[in-house]
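> I'd like to ask you about the structure that follows.
The values are calculated or read from the model by the stated rules, or taken from the named source; none is laboratory data. Everything numeric in this text was worked out from a predicted model, so none of it was measured. Here Cβ is always computed from backbone atoms with ideal geometry, including for glycine, and neighbour counts include all displayed protein chains. Each accessible area value is taken on the protein alone, full model and side chains, heavy atoms only, with ligands, DNA and RNA left out. Shrake-Rupley method; radii C 1.70, N 1.55, O 1.52, S 1.80 Å.
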Amino acid sequence: MTVITCIEDLKRIHKRKTPKMFFDYCESGSWTEQTFRENTSDFDKIRLRQRVAVDMSNRSTATKMAGRDVAFPTALAPVGMTGMQTADGEIKAARAAEKFGVPFTLSTMSICSIEDVARATKAPFWFQLYVMQDEEFVDNMIRRAKDAGCDALVLTLDLQILGQRHKDLKNDLNAPPRLTLKNMIDIGFPTRWEWAIGMLGTHRRTFRNIVGHAKGVSNLNSLMSWTQEQFDPRLDWEKIAKIKEKWGGRLILKGILDAEDAKKAVQIGADAIIVSNHGGRQLDGALSSIRVLPSIVEAVGDQTEVWLDSGIRSGQDVLKAIAMGAKGTMIGRSYIYGLGAMGEQGVTKALEILQKEFDTSMALCGRRTIEEVDRDILLVPRDFAGDWA
Ligand SMILES: Cc1cc2nc3c(=O)[nH]c(=O)nc-3n(C[C@H](O)[C@H](O)[C@H](O)COP(=O)(O)O)c2cc1C
């Protein structure tokens with residue numbers, strides 16, 4: 001039995017236990033994957049400043065994100081098709097998050113529906129919305145999220161058209177997978193039987209937020225083309241303001257990577273913004289999130305909460321983001337690896353690993369609470385932000 005000590009261990013097990021098309025769907029970026037790679041390698045360039053002989057007793061990693069108490073400053077990011085990494089994946093991840101004390105965000109493109117997750121959990125979760133051209137469908141989603149008690153709407157702004165991931169095209173990604181010989185050989189691989197049995201044992205195998213709720217979507221063949229065609233390319237700040245009004249609750253804008261856009265988000269009254277490049281899955285060639293974070297923090301100050309996602313694979317990464325001025329972070333792949341490896345237990349394991357790494361590193365930097373974590377604990381190369389013209 002492997003002793004699991006880090007996120008990388010969970011990733012190795014995830015790869016072994018999950019059909020190739022779904023592991024690849026998780027572990028890929030758009031086009032050359034430059035941004036995907038730099039999201040993690042840029043974190044490595046920042047170093048932590050060790051301090052000694054500082055009282056490190058009575059530490060706490062607890063804080064708040066968008067008014068919610070969190071065990072440490074992170075939340076589970078919205079991840080499409082989570083229920084294909086393991087059966088009922090969204091329910092398992094939401095339960096792990098609830099028990100651990102961090103928020104879970106359900107994607108529009110989830111396998112388990114808003115109602116499925118609401119029935120399986122007690123703590124309110126967040127709902128991530130993609131704006132579609134079918135206004136009635138969008139209004140309906142907002143109403144369903146409200147009815148389910150979701151206490152924040154995460155509006156994703158960086159995916160109105162799709163970045164291309166070569167692997168997904170080559171693997172003929174689908175939910176559920178088509179029963180071709182190639183896929184059957186892949187799924188039939190000896191380490192994947194648990195995945196296959198789980199999938200046979202659930203009825204949740206397609207995009208349940210959409211099928212049966214959107215006009216003209218009754219089967220999977222039409223679903224894939226429907227989603228490709230339906231994302232609204234005309235989404236602008238006016239439409240965002242309208243959605244804010246319709247929702248009427250906490251609004252978090254995801255996918256901000258530019259100081260000018262961050263200022264617009266503040267004007268609109270966003271309760272939080274997520275500095276994110278969608279985990280390197282959209283604009284290949286964009287800067288890593290950690291590299292642009294300081295410019296966005298400087299641009300908006302305390303006018304809204306600034307969070308960061310993309311590239312977090314350790315508690316040290318979370319600490320670096322907080323020290324750079326983020327009030328919270330989101331993790332995508334780090335918890336998906338855990339889910340694919342060991343289901344709900346694996347998500348808990350991922351969160352335990354990250355929190356422990358965060359706590360210990362914070363102490364070794366001479367800090368005891370989130371409020372004490374500041375830019376002083378970092379050693380950042382002078383040219384880190386880069387001199388981009
Ligand atoms: C497999 C996968 C699917 C994703 N699906 C969505 C989605 O449906 N909606 C969304 O807003 N973001 C989606 N994202 C982006 C994540 O919310 C998050 O921004 C990203 O995973 C952060 O990078 P990280 O994986 O390096 O932590 C997805 C990311 C991955 C890896």
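> For T74, which sequence-distant residues (separation of 5 or more, or a different chain) have an amide H within less than 5 Å of its own amide H, given hydrogens modelled in the peptide plane?
T329
> For the chain, divide the Cα radius of gyration by the Kirkwood radius and give the resulting Rg/Rh value with two decimals. Write out the running numbers ahead of the final one.
Numbers: Rg = 20.1 Å, Rh = 21.2 Å.
Taking Rg over the Kirkwood Rh, I get 0.95.
> Next question. From the helices alone, meaning DSSP H stretches of at least four residues, give me the mean residue ellipticity at 222 nm for the chain, per-run term -39500 (n - 2.57), in deg cm²/dmol to the nearest 500.
Details: 16 runs with 172 residues, N = 389.
Roughly -13500 deg cm²/dmol at 222 nm, from the helical runs in the chain.
> Could you tell me what fraction of 2.2 N^0.38 Å the Cα radius of gyration of segment 261-389 comes to, as a two-decimal ratio?
Working: Rg = 15.4 Å, N = 129, 2.2 N^0.38 = 13.9 Å.
Cα Rg divided by the expected 2.2 N^0.38 Å: 1.10.
> Using a simple charge model, +1 on the beta-carbon of Lys and Arg, -1 on the beta-carbon of Asp and Glu, nothing else, what dipole does the chain show about its Cα centre, in debye to the nearest 20?
Values: 53 positive and 51 negative charges, 210 e Å.
Using only the charged Cβ atoms, the result is roughly 1000 debye.
> List, in order, the whole-Hz ³J(HN,Hα) value for each residue of segment 373-389 obtained from phi through the Karplus relation with A = 6.51, B = -1.76, C = 1.60 and θ = phi - 60°; use x for Gly and Pro.
6, 9, 4, 4, 7, 9, 10, 10, x, 4, 9, 4, 5, x, 10, 8, 9
> Hey, what did the chain get for relative contact order, percent, Cα under 8 Å, at least 6 apart? Spell out each step's value before the answer.
Details: 754 pairs, mean separation 111.6, N = 389.
Relative contact order, the chain: 29 percent.
> Just the number, please: carbon plus sulfur as a percent of the accessible area of the chain, 1.4 Å probe, no ligands or DNA/RNA counted.
Working: 8840 of 17060 Å².
With neighbouring chains kept in place, the figure for the chain is 52 percent.
> Output the pairs from K92/K244; K20/K215; K92/K320; K215/K263; K17/K92 with a Cα-Cα distance over 25 Å in this structure; if there are none, say none. Kindly include the intermediate steps, with their values, before the conclusion.
Numbers: K92/K244 29 Å; K20/K215 32 Å; K92/K320 29 Å; K215/K263 36 Å; K17/K92 16 Å.
The pairs that break the limit, which is 25 Å between Cα atoms, are K92/K244; K20/K215; K92/K320; K215/K263.
> Next question. Once you've got the GNM for the chain with C-alpha springs shorter than 10 Å, pick whichever of M84, M56, M21 has the biggest mean-square fluctuation.
M56
> If the viscosity is 1.002 mPa s and the temperature 20 °C, what Stokes-Einstein diffusion coefficient in µm²/s follows for segment 84-208 when Rh is the Kirkwood radius over Cα pairs? Before the final figure, lay out the partial values.
On the way: Rh = 16.2 Å.
Translational D for this selection: 132 µm²/s.
> Give me the 1.4 Å probe accessible area per residue for the chain, excluding ligands and nucleic acids, in Å².
Details: 17060 Å² over 389 residues.
Per residue, the chain has 44 Å² of solvent-accessible surface.
> Another question, if that's okay. Could you pull out the pairs from K99/K264; K99/K254; K15/K327; K64/K254 whose alpha carbons sit more than 29 Å apart here?
K99/K264; K15/K327
> Then there is this: DSSP H helices in the chain with Cα extent of 27 Å or more along the helix axis and mean Kyte-Doolittle hydropathy at least -1.0? List each step's numbers first, then the result.
Numbers: long enough: 333-364 (32 Å, 0.00).
Taking the DSSP H segments of the chain (at least 27 Å long, mean hydropathy at least -1.0), we get 333-364.
> Could I ask something else about it? Taking every pair of alpha-carbon atoms in segment 4-152, what share in percent sits in each 5 Å bin, from 0 to the bin with the longest distance?
2, 8, 13, 16, 18, 17, 13, 8, 4, 2, 1, 0, 0
> Quick one: which of 6-17, 288-299, 323-334 comes out on top by average Cβ neighbours within 10 Å, and what's the full order, highest first?
Working: 6-17: 18.5, 288-299: 21.5, 323-334: 24.5.
The peptides rank, most packed first, as 323-334, 288-299, 6-17.
> Let me ask something else. Answer with one residue from L179, A97, T32: the one whose Cα lies farthest towards the positive end of the charge dipole of the chain, charges on Cβ with Lys, Arg +1 and Asp, Glu -1.
L179
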